[in-house]
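**Q** Quick one: the structure is below, and I'll ask about it shortly.
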Amino acid sequence: MSDRTYEILFIADPNLGEPEVDALAAQVQGFVEKDGGKLQKMEKWGKKRLAYDVRRHREGYYVLLVVEGTGVMVKEVERRIKVQDGIIRYLTVRVDEELRKAERRKAKRALGEEKRRGRTGSQPARDAEVQQ
Amino acid sequence: MNGDSRSFGRPSGRGGGGAGAKGGGAGKDAGGKRYFFRRRKVCKFCADKIDYVDYKDIKLISQFVPERGKILPRRMFGTCAEHQRKLTEAVNRARHIALLPYAAD
């Protein structure tokens, strides 16, 4: 079975230092790779204010990992994240299907636009830049 | 323009206002003074061709969610059913990860 793409977004304890958060991120990356996953992208958003208190914290470090892997991997990674003290909240979302769908719609729309333009002569619409 | 943006067009009159005038164009005040012309709302996601509503894009989402964090009904912004559904999903995800409030105090 082909691998799926997931986004793992977690919030680290604001009392940690920057290097400790980096270590935590590397650790999560390690969890992913241990179970046959592949890291596509890592984004550190830095310290941000939370919209509400999470475990009595008002802020937190956001770290996003875009990851390729299987459902089994996600299960294991989440289990490991749960026992990490430095991580106060996490969210895993599967994105490959939705993104593929969006891609398809975009392609379809581009096709339709081309057709329309062909029929009604040249009509330089406002979004004429995505040609070729 | 885009094919699947036909589903709004029903600006239900709110409160004691008057029946919402359809966005046809002939909005003369022939009948009574209660009828007034209301611009027909267009789904912003359809207009901007946003296929994937990202929960991480709070800038976009927060345009549709008041500060208190409530998701408003479709009629307020004229989003089409499909995009309202996606928006709701995105808001709920953003709430979980504390990017948006569940309920502000």
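The values are calculated or read from the model by the stated rules, or taken from the named source; none is laboratory data. Please read these numbers as outputs of a predicted model, since none were measured by experiment. Positions of Cβ are generated from backbone atoms using ideal geometry, with glycine treated the same way; all protein chains shown enter the neighbour counts.
**Q** Kindly indicate whether any position in the stretch A:109-125 is closer than 26 Å to B:Leu100 by Cα, at pLDDT below 90 and within 11 Å of chain B (Cβ to nearest Cβ).
**A** No, the stretch A:109-125 has no match at all.
**Q** Still on this model: State whether the residues of the stretch A:69-84 include one that is within 14 Å of the chain's Cα centre (by Cα) and among the acidic types (Asp, Glu).
**A** Among the residues of the stretch A:69-84, not one is within 14 Å of the chain's Cα centre (by Cα) and among the acidic types (Asp, Glu), which makes the answer no.
**Q** Do you know which of the residues in the stretch B:53-62 that are assigned to a loop (DSSP other than H, G, I, E, B) and surrounded by fewer than 17 Cβ atoms within 10 Å (Cβ to Cβ) is nearest to the other protein chains (Cβ to nearest Cβ)?
**A** Across the stretch B:53-62, the extreme among qualifying residues is B:Ser62.
**Q** Identify, by number, the condition in (1) within 17 Å of B:Arg95 (Cα to Cα); (2) exposed (fewer than 13 other Cβ atoms within 10 Å of the Cβ); (3) free of Cβ contacts under 8 Å to residues at least 24 places away in the same chain that A:Ala51 doesn't meet.
**A** Exception for A:Ala51: condition (2).
**Q** Restricting the stretch A:59-73 to residues that are part of a strand (DSSP E or B) and either acidic (Asp, Glu) or more than 10 Å from chain B (Cβ to nearest Cβ) (or both), which is farthest from A:Arg4 (Cα to Cα)?
**A** That would be A:Glu59.
This table checks each residue for (1) surrounded by fewer than 15 Cβ atoms within 10 Å (Cβ to Cβ); (2) assigned to a loop (DSSP other than H, G, I, E, B); (3) away from every other protein chain (no Cβ under 13 Å).
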residue: B:Phe64; (1), (2), (3): no, yes, yes
residue: B:Glu67; (1), (2), (3): yes, yes, no
residue: B:Ile71; (1), (2), (3): no, yes, yes
residue: B:Arg75; (1), (2), (3): no, no, yes
residue: B:Gln84; (1), (2), (3): no, no, yes
residue: B:Leu87; (1), (2), (3): no, no, yes
residue: B:Ala98; (1), (2), (3): no, yes, no
residue: B:Pro101; (1), (2), (3): no, yes, no
